[in-house]
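Q: Okay, here's the structure, questions in a sec.
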Amino acid sequence: MFLCALFLGVLSNAQNNKVTQIKNTVSQFSTSEKSIIERTASFESHSTLMRVLKAANLDKVLGYNGEFTVFAPSNLAFEKLSKITIDKLNDPKNKKALRDILSYHIIADKLSASTILKAMCRGNGTAKFTTIQGDKITATMNGIDIVLTDKSGNRAVIVTADSNQSNGVIHEIDTVFMPVTIF
């Protein structure tokens, strides 16, 4: 029990230091009256995400008055994908695959960074969350970073946490999850 308390204290302090650094540079990440989809549309760094959410008709889902957590890949995360993958994602005949990929980034619950950290403490350093696609994402720590891993072993780091919106929270991540069974 002592180790868990110590672990949570270290993680919370490390995460607080990182959040303080982020707050100094990104003032728009506070509680908002906008929905997740409205806020995503307003971020230039998420223009690719917004485009593909609309193409997959997930923009309607994220406009609802629910409780959602979106692990939002930035434009830089999408740029890591190969040209072939991007072309396949943009092909209208792959709309279902695109929807499955994007659904891997959404949890039907509001999970703040502190909620994720507490779940990891209760889980001896790991926590699992079910996406709306039906598969689990595993959260762990690497230094002060929260690292998310999909069922295929793909990893993404939360680079900006806790953009609270009227219907949930957005955490920006540095990688797009690509379940291997999609293509």
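Q: By the scheme Lys and Arg +1, Asp and Glu -1, what is the net charge of all other residues having a beta-carbon under 9 Å from that of Gln165? Working shown, then result.
A: Details: positive: Lys34, Arg39; negative: Glu33, Glu38.
Result for the local shell: 0.
Q: Short version: what are the Cα gyration tensor semi-axes of the stretch 58-147, square root of 5 times each eigenvalue, largest first, in whole Å?
A: Rounded to whole Å, the semi-axes are 27, 17, 11.
Q: Subtracting the Cα-Cα distance from 0.36 nm times the residue separation, let me have the gained length for Ala108 to Ile86 in nm, one decimal.
A: Extra length from Ala108 to Ile86 when fully extended: 5.3 nm.
Read-outs throughout are calculated quantities, based only on the coordinates presented, and are distinct from any laboratory measurement. This structure is a prediction, so every number in the text was calculated from the model and none was measured. When we count neighbours, we look across all protein chains shown, and the Cβ atoms used for this are built from the backbone with ideal geometry, even at glycine.
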